Amino acid sequence: MGLLSKKDAKLISDPLLDNNPITIQVLGICSALAITAELKASIVMSVAVLFVLGMGNVVISLMRNIIPSKIRIIVQLIVVATLVIIVDLVLKAFAYELSKTLSVFVGLIITNCIIMGRFEAFALANGPWKSFLDGIGNSLGYAVILIIVGFFRELLGSGSLLGIKVLGDPIEKTGVYAFGYENNGFMLLAPMALITVGIIIWVQRSRNTSLIEEN
Amino acid sequence: MGKNTDSNGYTIIFATVMVLIVGSLLAFLASSLKGKISENKRIEKQQNILYAMGINENDESSVVFVAKANVESEFSTYITKQIVIEGKKVTEDENAYLIDIKKEAASAKNPSYVRKLPLFIGNKEGKDYYIVPVRGKGLWDAIWGYVALDNQLVIQGVYFDHAGETPGLGSNIKERFFMDDFIGEHIMDGDVFKGVAVAKGNADPKNMRKDDFAVDAIAGATITGDGLSAMLRKDLKMYVPYFKTLKQ
């Protein structure tokens, strides 16, 4: 990353691994559980959060010196909601099909705690460029986990990836289903998403023991 | 953070100014885009109605509507008649598809109100299709759709949509694998209305039996499925008296 100083590059790379928003900061868990039954939904949500968090962090950072501290949470909420609604309206008018795909994610983005969490923890105390990088870094970290969970849930739960039946047809009994394999319907339900996230947390902390929290 | 931003006066002024700016920005945007958005919605309705009667550009597994540019002409070609049923009275209305089902359902709570029921009659290759709009509740928000029936009241095609069902679970009601299961299902058992239920533990996952009044449910989307069954039962039933007059 020749364009970025070492410190700036860390803002992007840290959240990918050792300061991951989902597994370390425990932000954005609800959406990671709710929408990862399919890989496609995971990817769409990741892109949407990338956009909103990058923009929102910049806006909050620019306003950080004039926001009254007593009502800062409400101000943050208004900024996210306004951004999301503007994008939704513009898409509805000029890219209707795209807006149909994204409409179910609108509510999930506004209430996603990863966005408020980064506003509160970073953008309120740092300049716009740094906040932008922080937003991009954290949403990429969020995306990595969403895509890993989405990959396993769709593969093991529905036997497909991005809607393509990679393991054969479960009803016609082709591919691996010919040998008696069955899809695990439990993978499609939220508890299995929690367990999958748990396994990722376990793997991550056993690779880097300094991440284990003291009791 | 500066000291003066903590005072009550500043906080109130800040909140007021912010609300004014955001409010007027959104109001301006919403009203200036309103025309375009409602035009898009109108086109979508026509596309959905045509989709239900099998006029679409689907390939193997995707859902592809008639292109936006052609939808107007295809709609007037295939939809031969639009009627509004009000109790026993039946009137023809070429804008029946613009009737707001949500408003009608709300007004119908008043017992003296006679609900307007739109019905679209299409003709493709000499066969008549009766397309019924339906609307109900899913898990999080509204679900709606169009059901195309033939004159024997056998489902010929459906289109379902939703405002906010869980992505990857309930949102799959608008996927081909789910909607295609409805084709060929009966809604009447002789003279008795049955509807089509979205059934869990359905012993017929391949959907070979078309007369069991059930299709296979989506795993993890029980409440959306139940809402869909209720929607079909409630809304299709309102049209049964009219269909009975057709049979005679």
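The values are calculated or read from the model by the stated rules, or taken from the named source; none is laboratory data. Fair warning: this is a prediction, and the values are worked out from it, not measured in the lab. Backbone-built Cβ (ideal geometry, glycine too); neighbour counts: all protein chains shown.
Overview of values
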read-out	value
Restricting the range B:198-225 to residues that are touching a Lys or Arg at 6+ places or on another chain (Cβ under 8 Å) and in contact (Cβ under 8 Å) with a residue 24 or more places away in the chain, the residue that is surrounded by the fewest Cβ atoms within 10 Å (Cβ to Cβ)	B:Phe213
The range B:125-150 residues that are free of Cβ contacts under 8 Å to residues at least 24 places away in the same chain, paired with ones that are crowded, with 16+ Cβ neighbours inside 10 Å (beta carbon under 6 Å, 6 or more apart)	B:Asp150/B:Gln156
Sole residue being in a helix (DSSP H, G or I) and at the interface with another protein chain (Cβ under 10 Å from one of its Cβ atoms), chosen from A:Gly135, A:Gly150	A:Gly150
Candidate set from the range B:31-46 (those that are facing another protein chain (nearest Cβ under 10 Å) and in contact with a helix residue (DSSP H, G or I) (Cβ under 6 Å, 6 or more places away or on another chain)); member that is nearest to B:Asp180 (Cα to Cα)	B:Ile43
Answer residue from the range A:73-95, given it is within 23 Å of the chain's Cα centre (by Cα), over 16 Å from B:Ala27 (Cβ atoms) and at the interface with chain B (Cβ under 9 Å from one of its Cβ atoms) and is surrounded by the most Cβ atoms within 10 Å (Cβ to Cβ) among those	A:Val79
Residue check, B:Thr77 of a type in the set (S, T, N, Q) and either outside any helix (DSSP H, G or I) or within 14 Å of another protein chain (Cβ to nearest Cβ) (or both)	no
Enumeration of residues in the range A:46-72 that are within 7 Å of chain B (Cβ to nearest Cβ) and buried (at least 24 other Cβ atoms within 10 Å of the Cβ)	none
Criterion violated by B:Leu169 - all others in (1) touching a Phe, Trp or Tyr at 6+ places or on another chain (Cβ under 8 Å); (2) crowded, with 20+ Cβ neighbours inside 10 Å satisfied	(1)
Of all residues in the range B:47-67 being away from chain A (no Cβ under 12 Å) and β-branched (Val, Ile, Thr), the one that is surrounded by the fewest Cβ atoms within 10 Å (Cβ to Cβ)	B:Val66
Conditions (1) more than 11 Å from chain B (Cβ to nearest Cβ); (2) surrounded by fewer than 19 Cβ atoms within 10 Å (Cβ to Cβ); (3) over 10 Å from A:Tyr142 (Cα atoms); (4) at pLDDT 80 or above; number of the one not met by A:Lys40	(1)
Test: residue in the range B:97-118 that is touching a residue at least 24 places away in the same chain (Cβ under 8 Å), surrounded by 14 or more Cβ atoms within 10 Å (Cβ to Cβ) and within 19 Å of B:Leu153 (Cα to Cα)	yes
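Per-residue answers, yes or no, for (1) surrounded by fewer than 24 Cβ atoms within 10 Å (Cβ to Cβ); (2) under 14 Å from the mean Cα position of the chain (by Cα); (3) on the phi < 0 side of the Ramachandran plot; (4) of a type in the set (Ser, Thr, Tyr):
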| site | (1), (2), (3), (4) |
| --- | --- |
| A:Ala125 | yes, no, yes, no |
| A:Asn138 | no, yes, yes, no |
| A:Ile145 | no, yes, yes, no |
| A:Glu154 | no, no, yes, no |
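Conditions (1) of a type in the set (A, V, I, L, M); (2) in contact (Cβ under 8 Å) with a residue 40 or more places away in the chain, marked per residue:
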{"position": "A:Cys113", "(1), (2)": "no, yes"}
{"position": "A:Met116", "(1), (2)": "yes, yes"}
{"position": "A:Glu120", "(1), (2)": "no, yes"}
{"position": "A:Ser139", "(1), (2)": "no, yes"}
{"position": "A:Ile148", "(1), (2)": "yes, yes"}
{"position": "A:Leu162", "(1), (2)": "yes, yes"}
{"position": "A:Lys173", "(1), (2)": "no, no"}
